[in-house]
Structure formats: structure tokens, C-alpha cells
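S.K.: Here it is: the structure, laid out below.
The values are calculated or read from the model by the stated rules, or taken from the named source; none is laboratory data. Predicted model, so just to flag it, every value in this text is computed and none were measured. Neighbour counts run over all protein chains shown; Cβ positions are idealised from the backbone, glycine included. With ligands, DNA and RNA removed, areas are computed over all heavy atoms of the protein, side chains included. Shrake-Rupley method; radii C 1.70, N 1.55, O 1.52, S 1.80 Å.
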Amino acid sequence: MIQLKASRCVRSLSKESECNKCEVICPTGAIVVGNNPLPSINFSACVGCGACDAVCPNEALFLDDFSATELFFDFVEDKENIISCHKNVPCIAALNIENIIAMALLKKEILFDMGHCEGCAIAHKCEPQIRKNHEEASYILEAMESDATIKLENIKYEKEEQETSTSRREFFSKANLKGVLKTKHAFEKEIQKATDELVEHTLQKSDIALLKQKRITERRKLFFTALKRVQKPSVYHVIESDELTFTSMKILDGEACTACQMCYRVCPTGALSSDIKNSKIDFDPFLCIKCHICHDVCEPDAIKLSPSYRVKEFFEPAVQNLITFRVRRCGECDMIFSTNSNDKLCYRCKVEEEEARELWGIKGDR
């Protein structure tokens, strides 16, 4: 059954968020967003396919009897390389792009068993998503110059009679998890090291407390750890941003930006950040989860998606400065504020003055 962690849903960070990926992918209409502040779930209609979990940018949705992270460790340990809804997943659509790429990098070959899609009641939504994930992951692996492959095959995998009687919850029993925990323990230090590296390169030491308020997703940690285990490509290629669903690069229009600071304040992972003086906006492409909320809250539409993404950011993450502001003291309220213009008033006082002048019918400059 699907569950929602409301605090991780990007819609909880701003009423301006337009994210409805879970609603769009749900094959039974069990999830409804509409004008609701958060997704509404009809548990009686949910079939537990996990597709909504995979497309949720900030891991706000999860199944109570399946974990893509646990599957990652189990799959790396497994001698077979088959992913099947009759073997180890509720549906192949439950796997997110980052875990798919990470597993492919470590296993070198993955077989998606598409043999059970024919006649499946949820295939009308899930099968196209599986094929889309396969296409994206294969494209990125090729751009990384990896020899790893992901194949779609009509295997029609079936468990042995003894295995068939076990439920998905039993699949993660202590016996089955013995190998998983062994692999998980081997990865544990690498994942922690990778997380520390992500924190270190994102903010200065004095700003570490700010990042602790954000959250790096588990899938990104695994993805980064897998990348540390493989050889860097001889040439860093450029990927078309439209072909990439889980991260992005940003462009900021300095003339349109009002220095309102909302974009990095709502960013759930710290991909957008500033310093203690709010004198700039920095962006870390590797931490971006492409949730689009920074675009949704930007009134002047100053922040844009770059048409391309550099593969170098996967292997050598670097923080980029999008804009630097002037830091001044407001001539009205005496508060410190950031601006990229010659304004003498902070944003709030400027708005209040404009409203007052309109109320009084005063035209022209002050």
C-alpha cells in the first residue's frame, strides 16, 4: 500500500507548486491532486504498483512492503540480472531512473522482463513509463561511455512453486535479506563518504547548518556512490536537458530577478543556496531533483532550465554561481536587503510604497 510523507512532498513547500507527477502516472486513479495542497490517496483503489514512488522527485511516496533502495542492494548481490514483477518488484515502473542507472553501472547488464505486461490491468500507464525509463537510462549510460546495458525482453519469469506462495512482504524476510545486509554493510561507508562529499562541496563550513535543514534523497546517494565505483569517461559529453528527468542545470536572468530569495528558500535539497548575507544564488546541478518548485515560485520567471546538461557534473560535481547581489540597508525600515538594482528600499517597503502611492493617486517618481 502506498504511503505519503507530507513533509517531503514539494507541494508542502509552496502553494505555488504545480507538481502532480504522482497523479499523472497512477494507473487506477487512486491519487488525486487537483487543487488540493497535497495529494489525496484512495487506498481502496491503490494496487501498490509503486510507479508514483518512482516519479516522485523528493521521495515523498513509498510502499510499506517494497523499497527500491533495499532492492538495489539485493540486486547487486543476486547472481541473476532479471527485474520482473514476478520476481523482485511489484512493477518495473516502481524503479526510479537513478537506481536503474546505478544498478546497471554495477551489474553491467539488466534485463527488464516485459513478458507479463500483456494483459496486465495497469499496463496502459506503467508499460509506457518502463519503456521511457529504459530509453532515458540507456541514453545517459551511453553519454557516460559505459558498457552497461539495459534490455527489454519477454522472459515471463515465474518463481518456483515454493517461492510463489511468498508475498512481497515475505520477500524481504531475514533469510532473503542476509545477502542484502552483507552488501549493504559493504556500501555503508561508501554512501556516508559520498554524502559527506556532497555536503562539503555544496556549502562553506559556516553554512553547513543550512544544508542540514535540506535533504539529499537516498536514490541520489546511491547514484553518487555507484559513480564513484566506475571509470570516468574519456570525454565529458553534453546531454539534452529534455532527455533528463531527475536533474537539471539552471540559467538565471539577472535583469528579471528581483532578489526575493524564494527560489533557494523552497529548494528541498539545497541545490539552490546562498550565503549568510544572502548576497548571491549558487546552484549545484548534482543536487537538483528537477522538482520545478523554484520555477513555480519565481514570479518574474527569471530562473530557467538550461537546454543542456554536462555529464561532468555526475563525476565532478561543482557549485555554480547564478547571480551576485548588492547588500544594502533599506532607507525606510533600516533593514539589510539584497538587490541587483539601485533600489534604496527593500522589496517589502518598495511594494508598500507603490500600494500607498496608488491608493493616494500619486503618479510619477518620488
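S.K.: Those residues that are among the aliphatic types (A, V, I, L, M) and open to solvent by less than 10 Å² (accessible area, probe 1.4 Å), I need them from region 92-108; list them, please. Explain how you work it out, then say what you get.
M.R.: Initial filter on region 92-108 (among the aliphatic types (A, V, I, L, M)): 92-95, 97, 100-106.
Within region 92-108, ILE92, ALA93, ALA94, LEU95, ILE100, ILE101, ALA102, MET103, ALA104, LEU105 meet the criteria.
S.K.: Being of a type in the set (Asp, Glu) and exposed (fewer than 15 other Cβ atoms within 10 Å of the Cβ) narrows it down to one residue among GLU136, GLU153, GLU145, GLU127; which is it?
M.R.: Within the list GLU136, GLU153, GLU145, GLU127, the selection yields GLU153.
S.K.: OK, next. Kindly evaluate CYS260 against the criterion of being under 30 Å from ASP53 (Cα atoms) and more than 19 Å from the chain's Cα centre (by Cα).
M.R.: no
S.K.: Take PHE286 and tell me if it is of a type outside the set (D, E, K, R), buried (at least 19 other Cβ atoms within 10 Å of the Cβ) and closer than 30 Å to GLU145 by Cβ.
M.R.: Values: of a type outside the set (D, E, K, R): yes; buried (at least 19 other Cβ atoms within 10 Å of the Cβ): yes; closer than 30 Å to GLU145 by Cβ: yes.
So PHE286 fits the description; yes.
S.K.: While we're here: Checking CYS330 against (1) modelled with pLDDT of 85 or more; (2) under 22 Å from ILE276 (Cα atoms); (3) out of contact with any Cys (no Cβ under 9 Å at 6 or more places or on another chain), which single condition isn't satisfied?
M.R.: With respect to (1) modelled with pLDDT of 85 or more; (2) under 22 Å from ILE276 (Cα atoms); (3) out of contact with any Cys (no Cβ under 9 Å at 6 or more places or on another chain), CYS330 is out only on (3).
S.K.: Let me spell it out: the conditions are (1) touching a Leu at 6+ places or on another chain (Cβ under 6 Å); (2) closer than 17 Å to HIS292 by Cα; (3) among the β-branched types (Val, Ile, Thr), and VAL33 meets all of them except one. Which number is the exception?
M.R.: All conditions pass for VAL33, except number (1).
S.K.: Okay, moving on. Filter region 312-366 down to residues that are assigned to a loop (DSSP other than H, G, I, E, B), in contact with a strand residue (DSSP E or B) (Cβ under 6 Å, 6 or more places away or on another chain) and of a type outside the set (Phe, Trp, Tyr), then give me how many there are.
M.R.: To start, the set of residues in region 312-366 that are assigned to a loop (DSSP other than H, G, I, E, B) comprises 316-319, 325, 330-335, 340-346, 361-366.
Okay, now just the ones that are also in contact with a strand residue (DSSP E or B) (Cβ under 6 Å, 6 or more places away or on another chain), so 319, 325, 330, 346.
Subset that is of a type outside the set (Phe, Trp, Tyr): 319, 330, 346.
Within region 312-366, residues that are assigned to a loop (DSSP other than H, G, I, E, B), in contact with a strand residue (DSSP E or B) (Cβ under 6 Å, 6 or more places away or on another chain) and of a type outside the set (Phe, Trp, Tyr) number 3.
S.K.: While we're here: Would you say ASP296 is closer than 30 Å to ASN20 by Cβ, among the acidic types (Asp, Glu) and open to solvent by less than 60 Å² (accessible area, probe 1.4 Å)?
M.R.: Here the answer is yes, as ASP296 does meet what is asked.
S.K.: Shifting gears a bit: So the check is Cβ under 6 Å with 6+ separation or different chains; which pairs have a first residue in region 67-79 that's β-branched (Val, Ile, Thr) and a second one that's open to solvent by 40 Å² or more (accessible area, probe 1.4 Å)?
M.R.: THR69/GLU218; VAL76/LEU106
S.K.: Among the candidates ALA302, ALA356, single out the residue that is under 23 Å from VAL10 (Cβ atoms) and free of Cβ contacts under 8 Å to residues at least 60 places away in the same chain.
M.R.: Numbers: ALA356 fails: under 23 Å from VAL10 (Cβ atoms).
Answer to the check: ALA302.
S.K.: Counting only residues that are touching a strand residue (DSSP E or B) at 6+ places or on another chain (Cβ under 7 Å) and farther than 19 Å from THR324 by Cα, how many does region 254-294 have?
M.R.: Of the residues in that region, 0 qualify.
S.K.: Does region 3-19 include one or more residues that are closer than 17 Å to LYS132 by Cβ, part of a loop (DSSP other than H, G, I, E, B) and open to solvent by 10 Å² or more (accessible area, probe 1.4 Å)?
M.R.: Checking region 3-19: not a single residue is closer than 17 Å to LYS132 by Cβ, part of a loop (DSSP other than H, G, I, E, B) and open to solvent by 10 Å² or more (accessible area, probe 1.4 Å).
S.K.: Name, by its number, the condition in (1) open to solvent by 10 Å² or more (accessible area, probe 1.4 Å); (2) closer than 30 Å to ARG348 by Cα; (3) modelled with pLDDT of 90 or more that does not hold for LEU272.
M.R.: If we test LEU272 against (1) open to solvent by 10 Å² or more (accessible area, probe 1.4 Å); (2) closer than 30 Å to ARG348 by Cα; (3) modelled with pLDDT of 90 or more, just (1) comes out false.
S.K.: Given the criterion part of a strand (DSSP E or B) and either polar (S, T, N, Q) or open to solvent by less than 70 Å² (accessible area, probe 1.4 Å) (or both), identify the matching residue among ILE251, ILE239.
M.R.: From the options ILE251, ILE239, the qualifying one is ILE239.
S.K.: Any chance region 319-329 includes a residue that's open to solvent by less than 10 Å² (accessible area, probe 1.4 Å) and in contact (Cβ under 8 Å) with a residue 12 or more places away in the chain? Give the steps one after another, and end with the answer.
M.R.: The initial filter retains those residues of region 319-329 that are open to solvent by less than 10 Å² (accessible area, probe 1.4 Å), namely none.
No - not one qualifying residue is present in region 319-329.
S.K.: To continue, here is another question. For region 20-29, which residues satisfy the criterion of being touching a strand residue (DSSP E or B) at 6+ places or on another chain (Cβ under 6 Å) and surrounded by 20 or more Cβ atoms within 10 Å (Cβ to Cβ)?
M.R.: CYS22 - this is the single residue of region 20-29 that is touching a strand residue (DSSP E or B) at 6+ places or on another chain (Cβ under 6 Å) and surrounded by 20 or more Cβ atoms within 10 Å (Cβ to Cβ).
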